[in-house]
Amino acid sequence: MPPHAWSHDLYDYRTPREAQDWCTISLRTKPANGPALPLVLLIGDSITVRYASEVGAALKDKAYVSLLGTSKAVGDPALLDEIKLVLRQNVYAVIHFNYGLHGGIEGYRSGFADVLATLQRYAPSAKVVWATTTPCQQKDDAPDKGVIERNQIAAAHIAKAGLVVDDLYTLVANHPKKLWDGGGVHYTAEGTALQSKQVAQVIAPLLPLPVKPLRVLMIGNSQCPLMVSNKLIENLAASDKGAPPIQITGCIKGGASLRSHWEAGTGTNTARGMIAGGAWDYVVVQDIYNVQAPAFQPYARQFHEFIQGKGAKMLLFGTASILSDYPAGFERQHRLHLDMARELKAAVVDASPAYTKYFGPQPSAERMESLFAKDKAHPGLWGSYIYACGIYSVLTGRSPVGLAAPADIPATVAKELQAAAWAQHQETQAALKQ
């Protein structure tokens with residue numbers, strides 16, 4: 001027999017197997033725009049494969065359910081390879097495993113501890129559930145002594161590890177009906193439904209509580225609608241597995257300044273009315289692009305005090321100026337917002353220098369105009385996206401590089417916009433500490 005390609009591996013891959021081996025892997029993770037639900041992994045043989053889809057349906061609003069189904073037996077080192085392969089893909093909140101119908105009893109006896117150790121090593125943060133192996137139909141409906149022995153072997157390890165037990169054996173064995181489908185191993189639709197219901201019921205209370213979304217109110221003017229209507233910030237969060245979901249609500253008035261927002265009073269749909277009426281985590285405040293210090297500073301201070309009084313944090317959002325005012329207007333916006341952030345000890349998104357970073361040292365007119373709408377005053381989609389990346393960086397402290405971007409932005413451009421926003425965020429954070 002020729003040497004195995006992985007001859008350095010200590011596993012003995014000559015373990016006898018069945019005439020036909022199989023493995024099915026179906027991995028589900030958070031879609032780009034989907035809710036931030038925990039991940040669950042079902043591991044097992046054909047019994048698990050049959051109830052997996054029903055478990056996924058039962059937990060559809062609570063978790064994303066993946067499956068590793070295999071004919072490899074406990075005691076076969078290839079089973080450990082398959083488990084490692086799947087566990088290296090994602091971080092699972094709950095792992096439910098059910099093995100015992102394949103292979104010999106001695107392999108099960110010697111190999112169960114290895115399966116358990118592999119789960120604990122490659123998924124150290126997961127809550128692990130062991131399901132007892134279901135019985136095969138015996139002559140005269142006698143107890144399945146072989147499966148009982150396997151469950152006893154496993155139970156000793158499970159008790160020592162203090163893991164949760166899902167007793168599918170008792171569920172089936174004590175049922176008043178014969179639930180086998182005629183082959184003596186698998187179950188009827190009723191039997192499978194009975195198992196899937198119990199599996200879902202065992203998993204559900206082990207799932208982590210839903211992640212509380214960041215609730216953000218954005219107060220601004222016509223610099224913001226494209227960013228808000230396209231849900232650019234929310235989509236960045238949805239594509240970041242480590243980030244909380246973000247919910248953006250807009251108080252957007254064309255041509256509005258902080259002064260006009262403040263002087264609008266506290267009625268319905270006014271900035272102050274919405275601040276007072278919602279339990280916000282952050283309130284983003286954005287002034288008009290050509291605002292001067294005497295008009296900006298007093299209202300930034302008033303909004304800051306009002307927002308803090310309602311239990312939220314203020315985020316100053318300094319947009320870019322109009323293109324014809326480059327670079328003087330960009331520098332004015334930069335200094336105005338950075339100085340105010342230092343005074344108030346507030347968070348700030350400094351978009352003007354982020355734009356400048358994207359422009360580069362000697363930008364062409366085409367490159368500069370690419371961030372603007374046709375009027376060269378408002379941001380286009382690309383400019384709005386760099387705004388969104390900057391705000392996302394401040395809200396989460398996480399890099400937007402590699403996250404979701406609108407389909408209308410080429411991937412290479414999206415990476416440049418993300419990198420410019422993140423680099424500026426880091427630079428601004430350092431400047432605030434000086």
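The single condition from (1) farther than 24 Å from Phe303 by Cβ; (2) out of contact with any Ser or Thr (no Cβ under 6 Å at 6 or more places or on another chain); (3) surrounded by fewer than 24 Cβ atoms within 10 Å (Cβ to Cβ) that Leu344 fails is (1). Applying a threshold of 8 Å to beta carbon distances and a minimum spacing of six or more residues, or different chains, the list of pairs starting in the stretch 359-383 at a residue that is polar (S, T, N, Q) and ending at one that is outside any helix (DSSP H, G or I) reads Ser370/Gly380. Among the residues of the stretch 395-419, the ones that are closer than 19 Å to Lys313 by Cβ, touching a residue at least 60 places away in the same chain (Cβ under 8 Å) and not in a helix (DSSP H, G or I) come to 1 in all.
Report, by residue number, each residue of the stretch 200-213 that is at pLDDT 95 or above and surrounded by fewer than 23 Cβ atoms within 10 Å (Cβ to Cβ). Give the derivation first.
If we filter the stretch 200-213 for residues that are at pLDDT 95 or above, which is where we start, we get 200-207.
Residues satisfying the conditions are Ala200, Gln201, Val202, Ala204, Pro205, Leu206, Leu207.
Comparison of Lys374, Lys345 shows that the only residue that is of a type in the set (Lys, Arg) and farther than 19 Å from Val283 by Cα is Lys374.
The values are calculated or read from the model by the stated rules, or taken from the named source; none is laboratory data. Computed from a predicted structure; not experimentally measured. Every residue, glycine among them, receives a Cβ derived from its backbone with ideal geometry; neighbour counts consider all protein chains shown.
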